[in-house]
Amino acid sequence: MSKNSVAGVLLDRNLEKHLDYEIPDEMQGRIKIGSRVEVFVRNALCKGTVAILKQASEFNIRPLHRLIDEHSLSEPLWQLAHWMSRYYCTPLQKALKCMTPPNVRREVKQKTRILVALDLTREEALKLCSELRRNETKQALVLEKILASEKPPLLASLLEELKISRSAVETLVKKKALRLIETKESDLDDAEFFPSHPKILNSEQAACLMEIEKSLDLGTFQTHLLFGVTGSGKTEVYLQAIQRALDLGKSALLLVPEIALTSQTIERFRARFGLKLAVLHHRRSLGERSAAWEALKTGEVKIAIGARSAIFCPAKNLGLILIDEEHDSSYKQSEEMPTYHARDIAVMRGKLENATVVLGSATPSLDSYANALGGKYRLGILSTRATLASQPTMRIVDMKRALDKVGGFSHFSPELIEGMLERVEKGEQTLLLLNRRGYRRMQICSECRYIAKCPHCDLTLTYHKEVNLLRCHLCDYQTLLLRECPSCKGHSQMEFRGFGTEHVEKSLRALFPQIRTLRMDRDTTREKKSHEELFKQFRAHKADVLIGTQMIAKGFHFPSVTLVGILNADAALQIPDFRSSESLFQLIAQASGRAGRSDLKGEVILQTFLPDHPLLHLAASQNYTAFYRKEIDERRQFSFPPFCRLVKVVFSGPDSTETERTAMNFRMALVNCAPSDTEILPVLPAGHPKIKERYRFQFLIKTKAILPIAERLETLRQNRAFSKSIQMLIDIDPTATFF
Ligand code: ADP
Ligand code: ZN
């Protein structure tokens, strides 16, 4: 007899090896690799995933308790999890966790909600209402309420608002005056949109789309890099590519950066494809996520849109994966293992699913552009804006000269002030970008130079004036302002240094009370919907100037913005990371993409204390290819990606000496077994050397290929010979090497 009768189950709980269970007769043939099941471990029920099927060889093994989902993971997703486990040095079940998010693990079902609607004409209802007022006041109240609402209200909120029980409504249903409508819970049902139709593509768009369609038609794996300046119509190409995938009976998955997953983006896709769209967002309830997950798995819905983790969604018969703004750092999971990059996962998944992968960007990551030039990806170029809008003009303003002119400190050069006032007068809008939140950057003793730091992290505390507290940007610790220096107890004042967005806003209001401002940074967007809310307010022109951190540079479309001011364009260059130039170039390009997206001409002002810095000139001229040539030379010279692969190994622990020693020992063990073409750099304190009472040390590995070194790392990780209080994080292809 050759039937599989034992299933090896990988528990969701932390236990790296699988446990064997007998497959009971009633589940024979239905248990597959990747099925979700429930089993007894001692006396407790645990959930897990079937990892292996085999013949019974032992007696007395316990049976599987329950089959939760036969088709939980498709074959390609299962293979993807295996690859991730090897490539990212993570236990298989941690990789599987990405594909079985909390809504799946906890088996959260979508909640239904009940709406109450009239079953009579308005006239009949009004008549009935006046009759009921005499002795059935509660029923009359219900009818009045419904007559007064624009849309059928939710039963639950109706009852709560009127403070009545359900029976009044039930009676009206029996009288055929009302009817109850059951719908699935969703926050999108109410969104309004106007249907949009495919645009006639310009010749560049048509050429790019044709290449993508060719791959789709062939149904073989191919990655395309769509390199198109902001506003060049990449999204229109995505939309038409998705349509082609649908025509071929395949599904499509679109990833956008976390911050760009706004209703504006979603509506653009819904407007084209109607409601056949699953939005995967961590702000949605678990029930909604389950519904979206289920609809994708059955193929009922064929388009998914989401942020990073949506790359693992179970879209059936996946034909097309699109990654918008592929260079965006939010696609990389750095804080937790597996330290995956959604773009790289997309390429691997595309390969496993024989799907077409499209990476889009106005400023491709150096790695992707190099892959395109090397022929690994197919390069498509959109060189001009799709509408009448022209590229904005860019100006570099020397802040040293500007400050000499105004005779003191100011955030704003005369050029920027003039520009803003002119925009206010014309009813246009301005964005001001400063990559630091808070009011003042630090408090320092003018005598002994003592700096107020977080007691839990090795970080300077930022002064937030709105709450009048010093705050740690790593752990959110807050404390009162220092009145005197705790170190020298001197008589001189504690001083402030450096500025943040809060200060920029206050200064602008003080200078020009008539200019209306809004601020968008992590402090003003803590609440669930505040980000979207601020964005809507600014779009509705409730303010003239929007001040914010880099979150305002990305993805938004504000038709009336014609001026973008970058207040400290050079700040990013101070971070000792091989990617800082690349990030700054991207930031400036993204920010300038916000200026003049409609037919109004845009302008960008870059304020800097390094007006001669070559990078700023490249950024100002928006010459990506020149930037690429310069940067790639440096990468080659110093041997950084794409000329090698990097791994960052980070240790953190409560004791500094022990953590450092552990890192050093681990590094030595690795040196002894590493492949010969691998360079292992020394152990150093991390860029943030202490976070939340844990000291951090790290070292970098430069190598030719990830898998051989990952294998060594995995063996060492499994034999870990260090204390439990120390954590190790293996960051494969890290996007940041310093912090
Ligand atoms: P990107 O995604 O590259 O930033 P979008 O797709 O948002 O660019 O396009 C910018 C603007 O150009 C949008 O308003 C879009 O509707 C418009 N557009 C795109 N393609 C065309 C086209 N072929 N004809 C006319 N307008 C277009
Ligand atoms: Zn702290």
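The values are calculated or read from the model by the stated rules, or taken from the named source; none is laboratory data. These figures come from a predicted structure and were not determined experimentally. Using ideal geometry, Cβ is built from the backbone for each residue, glycine included, and neighbour counts are taken over all protein chains shown.
A few points about this structure:
- Given (1) over 27 Å from R579 (Cα atoms); (2) out of contact with any Phe, Trp or Tyr (no Cβ under 7 Å at 6 or more places or on another chain), number of the condition A705 does not satisfy: (1)
- A Cβ distance below 7 Å, combined with a sequence gap of six or more or placement on separate chains, defines the contacts here; from the range 275-304, residues that are of a type in the set (F, W, Y) reach residues that are part of a helix (DSSP H, G or I) in the pairs W293/N103; W293/V104.
- Residue in the range 506-520 that is within 16 Å of ligand 2 (Cβ to nearest atom) and surrounded by 13 or more Cβ atoms within 10 Å (Cβ to Cβ) present: no
- Looking across the range 411-427, the residues that are charged (D, E, K, R) and surrounded by fewer than 21 Cβ atoms within 10 Å (Cβ to Cβ) come down to E415, E418, E422, E425, K426.
- Condition met for K214 (more than 12 Å from ligand 1 (Cβ to nearest atom) and at pLDDT 90 or above): yes
- You will find that of E533, E527, the residue that is in the same structural domain as V424 (by TED's automatic domain parsing), within 26 Å of S592 (Cβ to Cβ) and among the acidic types (D, E) is E533 and no other.
- Scope the range 487-501; condition more than 30 Å from L567 (Cβ to Cβ) and either under 41 Å from the mean Cα position of the chain (by Cα) or among the charged types (D, E, K, R) (or both); matching residues: K489
- In the range 202-223, the residue that is nearest to ligand 2 (Cβ to nearest atom) out of those that are in a helix (DSSP H, G or I) and among the hydroxyl-bearing types (S, T, Y) is S215.
- Breaking point among (1) touching an Asp or Glu at 6+ places or on another chain (Cβ under 7 Å); (2) within 16 Å of ligand 1 (Cβ to nearest atom), for H557: (1)
- Residues within the range 436-477 that are within 12 Å of ligand 2 (Cβ to nearest atom) and either of a type in the set (K, R) or within 12 Å of D523 (Cβ to Cβ) (or both), tallied: 5
- Members of the range 368-381 found to be part of a loop (DSSP other than H, G, I, E, B) and surrounded by fewer than 18 Cβ atoms within 10 Å (Cβ to Cβ), listed by number: G374, G375, K376
- Restricting L610, L573, L606 to those that are in contact with a helix residue (DSSP H, G or I) (Cβ under 8 Å, 6 or more places away or on another chain) and part of a strand (DSSP E or B) reduces the list to L606.
- Selection count where residues are surrounded by 13 or more Cβ atoms within 10 Å (Cβ to Cβ) and closer than 17 Å to S85 by Cβ, scope the range 716-726: 2
- The selection criterion, being in a strand (DSSP E or B), among the aliphatic types (A, V, I, L, M), at pLDDT 95 or above and within 11 Å of ligand 1 (Cβ to nearest atom), holds for L226.
- Qualifying residue in the range 644-652 (condition: among the small types (G, A, S), in the same structural domain as K690 (by TED's automatic domain parsing) and surrounded by 20 or more Cβ atoms within 10 Å (Cβ to Cβ)): yes
- Take the conditions (1) more than 14 Å from P314 (Cβ to Cβ); (2) of a type outside the set (V, I, T); (3) touching a strand residue (DSSP E or B) at 6+ places or on another chain (Cβ under 9 Å); (4) crowded, with 21+ Cβ neighbours inside 10 Å; K47 misses just one of them, which is (4).
- Pairs where the first residue, in the range 136-163, is of a type in the set (S, T, Y) and the second is not in a loop (DSSP other than H, G, I, E, B), C-beta under 9 Å, 6+ apart: S149/L158
- Qualifying residue in the range 317-332 (condition: among the small types (G, A, S) and in contact with a strand residue (DSSP E or B) (Cβ under 6 Å, 6 or more places away or on another chain)): no
- The criterion of at least 1 residues that are outside the structural domain of G596 (by TED's automatic domain parsing), free of Cβ contacts under 8 Å to residues at least 40 places away in the same chain and farther than 19 Å from T549 by Cα is met by the following strands (runs of 3 or more DSSP E) wholly inside the range 382-471: 469-471.
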